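Structure record follows, encoded as structure tokens.
The values are calculated or read from the model by the stated rules, or taken from the named source; none is laboratory data. Just so it is clear, the structure is predicted and the values come from calculations on it, not from any experiment. Neighbour counts run over all protein chains shown; Cβ positions are idealised from the backbone, glycine included.
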Amino acid sequence: MERPESRFVLRTGRVMSRCRCRRGMTLVWTAVTLMVLIGIVGLSIDWAKIALNVHQMQNAADAAALAGAQIVKLHAADARSRAVAFAAANRAENLDVAVDPNPANNPNGEVVLGRWLRQTEVFVPTLVSPNAVRVRVNRPGQAMGAPALAMLFGPIFGVTTVDASRFATAMSQGTTGAGIICLAEDPSTLPGWSNQGTGLLLDGTAEIDLRGTDPVTGEPMLGDIQINGTATVSPWSALRAGGEIWAADIDVVGMTNPVPTDSKWEDIYANPLAPPSVNTGAATVEDPLADLPAPAFGPATIPLDSSGSPYTYTITDATVAAAGGELTLQPGYYPGGISVSKDASRIVLTGGPDAIYVFGGGTDGKSGLVMSGGTLVGHGVMIYISGDPTGAATGTVTKYGKVDVGGKGILDVQSRGDADYLPSLNGADGMAIWQDRDNHNYAKIIGTSDSIISGTLYFPENATEVGGNAQQMGNQLLAAALWVHGKISLGIAYDGRNAVETIQAVIVE
């Protein structure tokens with residue numbers, strides 16, 4: 001017979017065996033749970049670290065793009081290095097943010113110069129007159145010192161690094177310098193202007209070509225168009241565009257016709273691959289030459305003709321013929337101005353550092369710079385169209401002169417700066433033709449392909465009409481309002497003169 005004590009011991013042994021088994025399973029589950037928790041906590045820490053690093057990368061991209069865009073329109077060559085420097089002023093993962101400068105301007109590079117098209121919100125990489133800078137901060141990046149972002153707990157799971165990339169695009173705001181500036185806010189009040197509130201009218205097959213060359217770097221550049229007109233109602237909006245336009249930015253205070261998003265602009269863009277950025281509602285730009293003092297003139301500055309008499313009369317074809325077909329003039333005030341029509345008439349303006357020619361309209365106001373034929377040559381000169389309506393300067397009332405060049409008239413004019421008599425192209429040095437601010441006479445240059453003008457054409461308070469088939473019509477054109485028409489390819493080879501320094505920039509994406 002089995003004893004009770006033995007049964008008791010046997011049962012107790014079975015109970016203890018089950019307890020040990022359960023205690024071992026608990027340890028396994030505890031270890032698994034701890035591993036999961038450690039993984040979750042580790043991933044959370046890694047996620048927070050990467051999020052912080054990415055935020056730091058975005059800050060660096062924003063700062064670099066803004067820094068480059070602040071100077072890209074005036075100093076494109078320096079915008080790239082400035083963007084690199086401002087990126088490096090930021091840190092991510094305790095490393096200076098390094099970006100590759102990308103001097104070839106590869107569209108996939110880390111610093112890319114280009115043009116931000118405001119009408120379509122598209123960035124177009126280009127080195128020709130860029131207005132925007134795009135910066136990509138990559139980890140791993142294309143520059144030394146930009147490794148992939150390190151994981152802290154990721155190696156536990158076999159993940160040591162993670163890739164990240166952030167970018168920003170910033171655009172330079174406003175015009176820093178323009179090849180064409182239409183100054184009047186309300187052109188409808190200008191004498192002779194029949195185009196209502198339109199500040200710039202580009203008609204038919206006419207072309208505006210603002211391709212020029214940077215005088216410092218020798219690189220090609222494009223000028224801007226600035227229109228201060230406030231008109232918004234079609235068809236006579238501030239800009240009425242047809243033909244074709246080569247330009248970098250078109251800034252219009254009012255509205256354009258067609259509107260910037262109209263597909264008709266595709267026919268207006270001379271270069272569809274890098275079209276101008278069209279900006280309506282832009283800020284007004286002040287006349288960059290508004291503070292330039294007008295040339296002084298009076299009786300003491302009237303030159304003498306070959307007979308020793310003052311040139312108080314109008315110089316005509318007969319005057320030129322009497323000089324043998326070519327008349328050479330010296331700087332000074334010509335109250336009667338010029339009025340020639342015969343192809344055989346040739347007038348030469350003697351150039352030099354102080355060569356300023358003031359042409360008045362005579363007592364009847366029918367002269368000034370009036371040519372329907374003949375050739376006017378002036379290398380290293382400024383032509384100033386004025387008059388003496390009070391008689392204060394000469395004792396005789398001289399009406400304001402006018403600019404009326406057409407037919408077969410040829411202008412071959414270089415400003416003093418452009419002829420290298422003076423080192424500057426800005427201000428008065430770079431002025432080729434200037435109409436007095438008090439002279440509101442309508443100006444007309446309907447040139448031939450033989451005409452060539454180097455310098456600034458300045459018509460601050462009068463409407464101006466340009467047509468014909470002229471090619472090179474200066475390096476800058478400032479007018480109260482401008483009408484371009486005909487078969488003309490209006491070449492304004494803008495070279496950065498009379499620019500306005502600006503540091504305004506904004507992040508656009």
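Of all residues in segment 134-157, those that are closer than 30 Å to ILE71 by Cα and free of Cβ contacts under 8 Å to residues at least 60 places away in the same chain total 9. Just the residues that are out of contact with any Phe, Trp or Tyr (no Cβ under 7 Å at 6 or more places or on another chain), buried (at least 16 other Cβ atoms within 10 Å of the Cβ) and of a type in the set (Val, Ile, Thr), please, taken from segment 102-136. Once the filter is applied, which keeps residues that are out of contact with any Phe, Trp or Tyr (no Cβ under 7 Å at 6 or more places or on another chain), buried (at least 16 other Cβ atoms within 10 Å of the Cβ) and of a type in the set (Val, Ile, Thr), segment 102-136 yields VAL111, VAL112, VAL124, THR126, VAL128, VAL133.
Among the residues of segment 431-449, the one identified as more than 16 Å from GLY368 (Cβ to Cβ) and in contact with a Ser or Thr (Cβ under 8 Å, 6 or more places away or on another chain) is MET431. Note on segment 453-509: residues that are among the polar types (S, T, N, Q), in contact with a strand residue (DSSP E or B) (Cβ under 6 Å, 6 or more places away or on another chain) and surrounded by fewer than 24 Cβ atoms within 10 Å (Cβ to Cβ) total 4.
I'd like the residue in segment 428-452 that is modelled with pLDDT under 95 and of a type in the set (Gly, Ala, Ser) and, out of all such residues, is surrounded by the most Cβ atoms within 10 Å (Cβ to Cβ). Selected residue: GLY447.
Restricting attention to segment 170-203, the residues that are surrounded by fewer than 22 Cβ atoms within 10 Å (Cβ to Cβ), closer than 30 Å to GLU110 by Cβ and polar (S, T, N, Q) add up to 1.
Within segment 61-82, does at least one residue satisfy the condition of being under 24 Å from GLU501 (Cα atoms) and among the acidic types (Asp, Glu)? Within segment 61-82 (the criterion being under 24 Å from GLU501 (Cα atoms) and among the acidic types (Asp, Glu)), the answer is yes, since at least one residue qualifies. Filtering segment 243-275 to residues that are in contact with an Asp or Glu (Cβ under 6 Å, 6 or more places away or on another chain) and in a loop (DSSP other than H, G, I, E, B) leaves GLY243, ALA248, ALA270. Screening segment 81-200 for strands (runs of 3 or more DSSP E) wholly inside it with 2 or more residues that are touching a helix residue (DSSP H, G or I) at 6+ places or on another chain (Cβ under 7 Å) returns the ranges 111-117, 132-139, 164-172. Considering segment 258-299, the residues that are in contact (Cβ under 8 Å) with a residue 24 or more places away in the chain and closer than 19 Å to THR205 by Cβ include one that is surrounded by the most Cβ atoms within 10 Å (Cβ to Cβ), namely PRO276. Give me the residue from segment 53-99 that is more than 20 Å from VAL162 (Cα to Cα) and of a type in the set (Asp, Glu) and, out of that set, surrounded by the most Cβ atoms within 10 Å (Cβ to Cβ). Taking the candidates together, the pick is ASP62. Just so you know, in segment 345-368 the residues that are of a type in the set (A, V, I, L, M, F, W, C) and more than 17 Å from VAL405 (Cβ to Cβ) include one that is surrounded by the most Cβ atoms within 10 Å (Cβ to Cβ), and it is VAL358. I need the full set of residues from segment 204-213 which are surrounded by fewer than 21 Cβ atoms within 10 Å (Cβ to Cβ), out of contact with any Phe, Trp or Tyr (no Cβ under 7 Å at 6 or more places or on another chain) and modelled with pLDDT of 85 or more, in order please. Within segment 204-213, GLU207, THR213 meet the criteria.
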